Amino acid sequence: MKGYWVCIYEKILNKEKLKEYALKAKPAVENFSGKFQVRGGKNRTNEGIDSPRIVVVEFKNYNTAVACYDSKEYKEAHDILNGHVIRHHQIVEGS
């Protein structure tokens, strides 16, 4: 079964820092063969919080998704977000 990152942004406080993060996170994700399935775009909130951005990344399996998130390379990218976004990030297993 595949592994997915599901990132739901609640608030984006600094768009420039988000862009900086994205540039650094992309190679980290690609090093673990991650594929971006959803990056922003048109969305409609039917229940819960209204989100300005949603990102879904597909990995070959759950363990690879976890390994990528825990990697030094991704942690360096993730640190850029501190204080600049409020988001919910989950790693889930799916088909």
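The values are calculated or read from the model by the stated rules, or taken from the named source; none is laboratory data. This is a predicted model, so every value here is computed, not measured. Note that each Cβ is placed from the backbone with ideal geometry, even for glycine, and that neighbours are counted across all protein chains shown.
Here are some conditions: (1) closer than 15 Å to Tyr21 by Cα; (2) free of Cβ contacts under 8 Å to residues at least 60 places away in the same chain. Leu81 meets all but one. Which one does it not meet?
(2)
Being under 20 Å from Val92 (Cα atoms), at pLDDT 95 or above and of a type in the set (D, E, K, R) is true for just one of Lys17, Lys24, Lys2. Which residue is that?
The unique qualifying residue is Lys2.
Can you confirm whether Tyr62 is over 15 Å from Ala22 (Cα atoms), among the aromatic types (Phe, Trp, Tyr), touching a strand residue (DSSP E or B) at 6+ places or on another chain (Cβ under 8 Å) and surrounded by 13 or more Cβ atoms within 10 Å (Cβ to Cβ)?
So Tyr62 passes the test.
Please count how many residues of region 28-69 are within 13 Å of the chain's Cα centre (by Cα) and not basic (Lys, Arg).
So the answer is 18.
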